[in-house]
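J.: Could you have a look at this structure, given as structure tokens, before my questions?
The values are calculated or read from the model by the stated rules, or taken from the named source; none is laboratory data. The model shown is predicted, which means the values in this text are computed figures rather than measured ones. Here the Cβ positions follow ideal geometry from the backbone for every residue, glycine too, while neighbour counts run over all protein chains shown. Heavy atoms of the whole protein, side chains included, go into the accessibility calculation; ligands, DNA and RNA do not. Shrake-Rupley method; radii C 1.70, N 1.55, O 1.52, S 1.80 Å.
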Amino acid sequence: MENEESDVKPPDWVGPMNTASQFPQPQHLDGYGLRLPRDITELPEWGEGYPFYMAMGFPGYDLSADDLAGKFQFSRGMRRSYDAGFKLMVVEYAESTNNCQAAKQFGVLEKNVRDWRKVKPQLQNAHAMRRAFRGPKNGRFALVDQRVAEYVRYMQAKGDPITREAMQLKALEIAQEMNIPEKGFKASLGWCRRMMRRYDLSLRHKVPVPQQLPEDLTEKLVTYQRSVLALRRAHDYQVAQMGNADETPICLEVPSRVTVDNQGEKPVLVKTPGREKLKITAMLGVLADGRKLPPYIILRGTYIPPGKFPSGMEIRCHRYGWMTEDLMQDWLEVVWRRRTGAVPKQRGMLILNGFRGHATDSVKSSMESMNTDMVIIPGGLTSQLQVLDVVVYKPLNDSVRAQYSNWLLAGNLALSPTGNAKKPPLGLFLEWVMVAWNSISSESIVQGFKKCHISSNLEDEDDVLWEIESELPGGGEPPKECDTESLMESN
């Protein structure tokens with residue numbers, strides 16, 4: 001057995017063991033005049049790391065590559081990137097000394113120092129955190145980009161708003177004039193973004209003014225929640241009998257909230273076609289079980305124009321397109337009374353905002369005849385307590401705007417004899433509203449009622465009310481149930 005082991009020939013790469021030294025010097029580095037340190041005290045303190053061959057590890061060295069990386073703060077096998085602020089620091093140091101000393105001082109290659117000194121003006125104009133100059137580059141269709149940029153400048157000079165959809169439409173028009181095939185150039189959203197980056201353009205958003213919450217916010221919240229809890233405990237409403245209704249304007253023109261302008265511009269002034277005031281009023285209603293009531297549309301004018309309108313909505317007209325006391329009573333008759341699941345013997349609760357047309361004596365009398373209790377949201381708190389404001393209005397308007405943009409991109413925009421863009425047909429616009437209304441999910445409505453503490457578990461509501469009152473100055477008092485009869489009289 002011993003003879004068989006002795007006959008085994010070692011591989012060629014195995015050299016003779018040197019017993020004189022416990023840590024043999026690697027032979028393949030001797031020709032380069034390099035010496036590996038034997039002890040950690042001989043390692044130089046380089047902030048950018050140690051030479052790569054040390055990280056690979058050699059026989060006889062106890063330090064692993066991870067230990068070296070932790071000691072000298074370098075990443076094995078990864079390229080370093082530097083921001084513009086660091087590069088300028090190196091350039092200034094090199095100008096005061098020389099390239100070689102700057103490379104040693106900051107632990108970079110001397111070639112990097114030379115390259116950074118050549119692009120010093122670009123580094124000074126760049127953001128301090130920028131790390132590379134990879135653009136802007138010329139696009140595949142540079143002439144189309146140039147003409148679209150000229151179109152944007154022209155629209156800016158006129159003060160008209162420019163959207164990315166309008167830029168895409170103009171690009172398709174220019175491409176058709178230049179006989180560019182549709183398969184070769186689609187004027188996609190990605191092209192529009194790259195083109196804007198090449199010409200230093202950006203999207204400027206219209207900043208909405210947020211609703212100012214009242215100073216007595218906590219007190220109003222507690223009072224409102226007490227009233228809802230008292231009514232729910234007194235009448236034990238079914239989930240399907242609790243609802244929220246409100247009227248909201250929907251613009252026919254659907255003006256965009258963004259425009260394209262130069263980067264860095266502070267105020268951006270734009271002109272509008274003047275038709276943003278042409279709008280309809282939609283009375284919308286939702287129930288706590290997630291169902292949506294038919295939209296109640298109020299058109300501006302003295303008569304309903306002829307045309308084909310989508311089914312599933314009630315259409316009325318008013319001289320100014322407003323909700324009035326008479327129209328509110330009509331909505332109660334044709335929408336609220338006819339809602340699915342409405343039973344005369346079952347009492348319901350309808351939550352409305354503080355609009356004066358909601359709380360008139362005639363409206364209260366009509367709701368009482370329908371066995372429905374009215375709850376009025378305190379002024380200034382509709383953004384917090386109204387389900388429609390919390391979960392419905394934003395996705396509804398976003399869906400209408402998306403359909404309007406798709407209609408524009410499809411090339412359906414027509415011009416009047418004076419050159420102004422025509423508004424979309426009324427029937428088509430009402431179809432957009434109906435599609436947007438149907439797209440609101442029932443789950444979001446159910447969660448909205450719970451978020452507004454309307455349909456939450458009654459056992460959990462006491463804890464929520466107690467937490468709200470604990471934030472009042474002085475600590476507050478335990479919740480007290482209010483008298484239901486006095487509440488109805490106040491409503």
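J.: Using all C-alpha to C-alpha distances in region 331-414, build P(r) with 10 Å bins and read off the rounded percent in each one.
T.: 14, 32, 28, 16, 10, 1
J.: While we're on this one: How long are the semi-axes of the equivalent ellipsoid of region 78-134, defined as square roots of 5 times the Cα gyration tensor eigenvalues? Whole Å, largest first. Display every interim value, and only then the final one.
T.: Numbers: eigenvalues 60, 35, 16 Å².
Values for region 78-134, descending: 17, 13, 9 Å.
J.: Let me ask something else about it. Using a simple spin-label model with points 7 Å from Cα along the Cα→Cβ vector, what separation in nm is obtained for residue 450 and residue 235?
T.: 2.4 nm
J.: Distances over 22 Å make up what percent of all Cα-Cα pairs in region 80-209? Can you show the working numbers first?
T.: Values: 4570 of 8385 pairs.
For region 80-209, the share of Cα pairs beyond 22 Å comes to 55 percent.
J.: Order 83, 373, most accessible first, counting only protein heavy atoms with a 1.4 angstrom probe. Could the numbers behind the result be given before it?
T.: Values: 83 30, 373 0 Å².
Sorted by accessible area, descending: 83, 373.
J.: Using DSSP to call loops (not H, G, I, E or B), can you name the trypsin sites (Lys or Arg not before Pro) in region 79-180 whose Cβ has at most 15 other Cβ atoms within 10 angstrom? Mind showing how you got there, number by number?
T.: Values: sites: 79, 80, 87, 104, 111, 114, 117, 118, 130, 131, 134, 137, 140, 147, 153, 158, 164, 170; in loops: 79, 80, 130, 131, 134, 137, 140.
For trypsin sites (Lys or Arg not before Pro) across region 79-180 that sit outside H, G, I, E and B with at most 15 neighbouring Cβ atoms in 10 Å, the list reads 79, 80, 130, 131, 134, 137, 140.
J.: Excluding ligands, DNA and RNA, what is the solvent-accessible area per residue of region 142-199 at a probe of 1.4 Å, expressed in Å²?
T.: Values: 3320 Å² over 58 residues.
Per-residue value: 57 Å².
J.: For region 142-199, count the residues as N, evaluate 2.2 N^0.38 Å, and divide the Cα radius of gyration by that value, please.
T.: On the way: Rg = 11.0 Å, N = 58, 2.2 N^0.38 = 10.3 Å.
Its radius of gyration relative to the 2.2 N^0.38 Å reference: 1.06.
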